[in-house]
Amino acid sequence: MAFLPLKPRLQKGISVLGLLLAHLVLASSGYAQTRKITYTQSNEDFANPERGFYLASGGKPGTLSVEELTKLRNLPADQNITPSAKYSAKVTLVYRGYLLSDFKTKPISEEFLQLIRRDMDATRKAGLKMILRFAYTNDTKAGDCKDDYKICPPYGDASKPIVMQHITQLKPIFQENADVIAVLQQGFIGIWGENYFTDYFGDASSNGQGVINDSSWVNRNDMLKSLLEALPKDRMVQVRTPQIKQRFVYGPKAPVTSNPISAQEAFTNADRARIGLHNDCFLASEDDYGTYADYGNSSTKRGPANEVMRKYFEAESKYVAVGGETCDNAYSPQNDCAPAGHAEQEMAALHYSYLNSSYNNQVNNDWVTGGCMDNIKRRLGYRFALRSASLPATVKQGKILPISLNLENVGFASPFNPRPVQLVLRNKNSGQLHVLPITTEIQKWFSGQVSISQELTLPATLAKGDYEVLLNLPDSYQSLAKRPEYSIRLANNDVWEETTGFNRLNHSIRVN
């Protein structure tokens, strides 16, 4: 009989006879000699849900094609995802921006709402998820105004009562289709839904007051609160600047030095834990075109806050959904690969999960010529590489199955949406599956080492025989849980089962 390390409670002050008796107890409990399995890491660029380069989809509502979306997951290695790109990538995210320009003064029509549902159905059938945003205008109007970019009012967005009415109308769609919503961007306010050039929510540009006054912050907070309530509690809303989150959490007078979320608050149902960040001018200037600015309030002026806001963003980003796009190549070489630039380092520090493949490829293509694009494609979001596993060779019915898994997240971020982690036993003769839930929060599988050691209990009724051992990381929604394209694939050679979505641990257990 093989002797195993004793549990801590058996290790102190026992005799040789006690040692033998203790091992007999462990053996009768179902423990047996363990085997350590090691795994090799894969450098392949492959599709994984809710991460990576996304495709921005244009076209009218209701026109998403199942066939065209499905192709995105299966592009050949040398086929570009968009004509302006010099690179290919495996896509699982589609950005869908809905323009509500016909409804600035009235409810959204039932026909329009049904077209949104049709797009979501197509996305689901194709095995993708949405980054979702709504806006009332994507057009800028030039003129003789004070703004440096000559974007002049009226801007063309909608009033607060209309916005709130529309969110109420959209709530059932959000609730019904949360399974294919990766994340919702705040949107609604201002041109492009980017919360800046707005007629109704405080114009911080030189055309307006130059700050966002307290009453406007309150209106913005009310609108964001309404969006959080419209979504299920397991989904996040991304805001355009870190100050938007600060002023929501702490109020209109919150200073730029406000505290970020704590580890204890992260990934709960609290509102502050459900507000992520999207930067649509990643590494475009020193402060990413105002992303890190202080927009003031009724008692303070607008001003720079680049250093302190970046520190806040860095701390927050570990625990929330982060993504965006590049927008200007003027900030080269800073936005290039190392050593001249720090694009990859910035993505790691700010925990980026996704980026736009369509814009701006003057920036993105530089990552190809600079030699860091392959790393970026692999590391956006999470990327779990299994290092080793320790598993027993035999276990008795109804007894303890001890497991030990050692992984490394070599990606920039952890998964921002929850999902179960399961050990699956598959009978080698019958193919019957038995699922053992593993107690862990995958959202806390942060960059770096991830270790899991647990004791799982086999049911007494489990049929005797030989079982393959697999790891399953399926979607949290039952509508998608059995679809392999929504399961997480480990970054290892010879583990992935494309037809099932399981990751083989390359080990068998005999159940006696």
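The values are calculated or read from the model by the stated rules, or taken from the named source; none is laboratory data. Small disclaimer: the values here were computed from a predicted structure and weren't measured. In this analysis, Cβ positions are derived from the backbone assuming ideal geometry, glycine residues included, and neighbour counts consider all displayed protein chains. Surface accessibility is based on the protein's heavy atoms, side chains included, excluding ligands, DNA and RNA. Shrake-Rupley method; radii C 1.70, N 1.55, O 1.52, S 1.80 Å.
Quick check: anything in region 261-275 under 28 Å from SER101 (Cβ atoms) and either among the polar types (S, T, N, Q) or touching a residue at least 12 places away in the same chain (Cβ under 8 Å) (or both)? Spell out the reasoning first.
Let us first name the residues in region 261-275 that are under 28 Å from SER101 (Cβ atoms), namely 275.
Right, trim to either among the polar types (S, T, N, Q) or touching a residue at least 12 places away in the same chain (Cβ under 8 Å) (or both) and you get 275.
Within region 261-275, one or more residues are under 28 Å from SER101 (Cβ atoms) and either among the polar types (S, T, N, Q) or touching a residue at least 12 places away in the same chain (Cβ under 8 Å) (or both).
Under 24 Å from the mean Cα position of the chain (by Cα) and either at pLDDT below 95 or part of a helix (DSSP H, G or I) (or both): is that true of PHE267 in this structure?
When the stated conditions are applied, PHE267 does not pass them.
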Complete set of residues in region 232-256 that are free of Cβ contacts under 8 Å to residues at least 60 places away in the same chain, in a loop (DSSP other than H, G, I, E, B), farther than 15 Å from ASN297 by Cα and touching a helix residue (DSSP H, G or I) at 6+ places or on another chain (Cβ under 6 Å): PRO232
Search result, residues across region 455-475 that are crowded, with 16+ Cβ neighbours inside 10 Å and among the polar types (S, T, N, Q): ASN472
Candidate set: region 96-139, residues that are in a helix (DSSP H, G or I) and among the aliphatic types (A, V, I, L, M); chosen: the one most open to solvent (accessible area, probe 1.4 Å): LEU115
Region 161-215, residues that are open to solvent by 10 Å² or more (accessible area, probe 1.4 Å) and either among the hydroxyl-bearing types (Ser, Thr, Tyr) or assigned to a strand (DSSP E or B) (or both): THR168, TYR196, TYR200, SER206, SER215
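Residue by residue, here is whether (1) more than 19 Å from the chain's Cα centre (by Cα); (2) outside the structural domain of GLN175 (by the TED database); (3) part of a strand (DSSP E or B) holds:
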site	(1), (2), (3)
THR440	no, yes, no
GLN454	yes, yes, yes
THR461	yes, yes, no
ASP466	yes, yes, yes
LEU480	no, yes, no
GLU485	no, yes, no
LEU490	no, yes, no
THR500	yes, yes, no
ARG504	yes, yes, yes
In region 216-227, the residues that are free of Cβ contacts under 8 Å to residues at least 60 places away in the same chain and open to solvent by 30 Å² or more (accessible area, probe 1.4 Å): VAL218, ASN219, LYS225
Count of region 333-351 residues which are within 17 Å of ARG383 (Cα to Cα), open to solvent by 30 Å² or more (accessible area, probe 1.4 Å) and part of a loop (DSSP other than H, G, I, E, B): 1
From ALA142, ALA158, ALA230, residue being open to solvent by 50 Å² or more (accessible area, probe 1.4 Å) and either hydrophobic (A, V, I, L, M, F, W, C) or in contact with an Asp or Glu (Cβ under 6 Å, 6 or more places away or on another chain) (or both): ALA142
Sole residue being crowded, with 20+ Cβ neighbours inside 10 Å and either in contact (Cβ under 8 Å) with a residue 40 or more places away in the chain or among the acidic types (Asp, Glu) (or both), chosen from PHE416, PHE446: PHE416
